[in-house]
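Below you'll find the structure, written out as structure tokens, and then a few comments.
Readers should treat all values here as calculations from the given coordinates under stated rules, not as data from a laboratory. Note that the coordinates shown come from a computational prediction; the quantities given were computed from them, not determined experimentally. With ideal geometry, Cβ positions are generated from the backbone for all residues, glycine too; neighbour counts draw on all protein chains shown.
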Amino acid sequence: MTENTDAIIVEKVKKGDKEAYRHLVMRYQQKLFQTCIGFLQNETDAEDLTQEIFIKAYQKIESFRFQAAFSTWLYRISVNTCVNFLRKQKVKRLLFLDSGNQSKESFGVSEPADSATEREEQRRMLRTALKELTLMQRKVFILSQYRELSNKETAEILEITEKAVESLLFRARVKMQKVIKEKMNSNIAPTGRYQQHRAEPYG
Amino acid sequence: MNCVEFEIQLAKLKSGANPGVEFLEHKSQCPKCMELASRADELYHFIADDAKKTVSPFLSTRIMAELDKKALEVHISIQKAWQIAAVSLALIAGFNLALFMDYRQSPTDADSVLSEYFFAGNAGMEIENNWLKLSTDEE
């Protein structure tokens, strides 16, 4: 049903009806935003990138040939844009020896100190774990965990087989567990980073 | 079930799925695996919370405004391109017209000889000098 209406709207947009595009934006902005958050782990950047993705999609809508669903096409653009953004950020960091804005991110709602620290700790662990993943594993993990897409949908977006998605997802989760285990071990060790971090507030 | 098998099973486990008796048994007996499972669960809950974050309600307006701005930019750049093309064409046409007019007003052979005589320095001067010399000699 959604696919049919998407196709009708896309046809309208192709004919120059810009206002019709607003419907597509309203329909997919939240989904793309979630994908971007998964890749970037930062709300502000995710919102900016969501905007960029929609503009890119509008400019390239003429090349959309209805061979796949519009959502699949849009997700493909979003995954590629996120990956390119991360690459550029990496190059920038290398060039300017900048540590990045990872700790300056906004969390939206203000939280109690303990909860915020805990979340910060979780985010740090998640970032570490995501870095451990290969590019394909990361793509699959984010699409399935953040967007809760099925293996079939993920396979269509990434143009790989369902079996490959399953295998990549399994390996990604194994690596996640490995990072958690490392964290657990460092927590047990008296000189562990986690231990030191947790000990700080109590002097 | 040993710890390695437990970890493999944990990685395969989909949220809400039944992990099986052996898995639950090992989890209750092994404190390390229990902690691992609970921490993994926490992490996936964190991800789920993260994914619930809502986009700003103004994003669609921002996107549409940006699209309008881009369209205007394209319109202006097309206008500018036309203006530049028109000015360039006018300049080329003017230059060609000037050349054509110059060609139309080009001197005849006789004019060329005369101008050569007046402006070509030595040749004319020599004739004139000889002339002057002759006239002095006659005197």
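Points to keep in mind about this one:
- Debye, to nearest 20: dipole size of segment A:6-58, +1 on Lys, Arg Cβ, -1 on Asp, Glu Cβ: 340
- A:S115 versus B:V74: modelled label distance in nm, points set 7 Å from Cα along the beta carbon direction: 4.6
- Vicinal HN-Hα couplings computed from phi for segment A:167-175 (Karplus, 6.51 cos²θ - 1.76 cosθ + 1.60; Hz; Gly/Pro x): 5, 5, 5, 4, 5, 4, 5, 4, 5
- Computed from the C-beta positions of B:E25 and A:S167, the FRET efficiency with R₀ = 30 Å rounds to 0.60.
- Peptide B:56-68 has a mean shielding of 6, counted as Cβ atoms of other protein chains within 10 Å of each residue's Cβ.
- Ordering of B:2-12, A:151-161, A:132-142 by burial proxy (mean other Cβ atoms within 10 Å per residue, highest first): A:132-142, A:151-161, B:2-12
- Per-residue Karplus couplings for segment A:59-66, computed as 6.51 cos²θ - 1.76 cosθ + 1.60 with θ equal to phi - 60°, are listed in order as 5, 9, 4, 4, 7, 6, 10, 6 Hz, Gly and Pro entered as x.
- For the peptides B:51-59, A:70-78, the ranking by mean Cβ contacts within 10 Å, running from highest to lowest, is A:70-78, B:51-59.
- Taking every alpha-carbon pair under 8 Å whose residues sit at least 6 apart, segment A:121-187 reaches a relative contact order of 41 percent.
- Tensor-based shape of segment B:3-51 (alpha-carbon gyration tensor, a/c under 1.5 rounded, otherwise prolate or oblate): prolate
- Segment A:1-106: relative contact order as a whole-number percent, Cα under 8 Å and 6+ apart: 30
- Take each residue in B:34-44, count the other chain C-beta atoms within 10 Å of its C-beta, and the mean is 4.
- Calculation over all alpha carbon pairs of segment A:1-106 in 10 angstrom steps from 0 returns a P(r) of 14, 43, 27, 13, 4 percent.
- Exceeding the 25 Å Cα-Cα cut-off - candidates A:K12/B:K70; A:K92/A:K163; A:K88/B:K14; A:K56/A:K175; B:K32/B:K53: A:K92/A:K163; A:K88/B:K14; A:K56/A:K175; B:K32/B:K53
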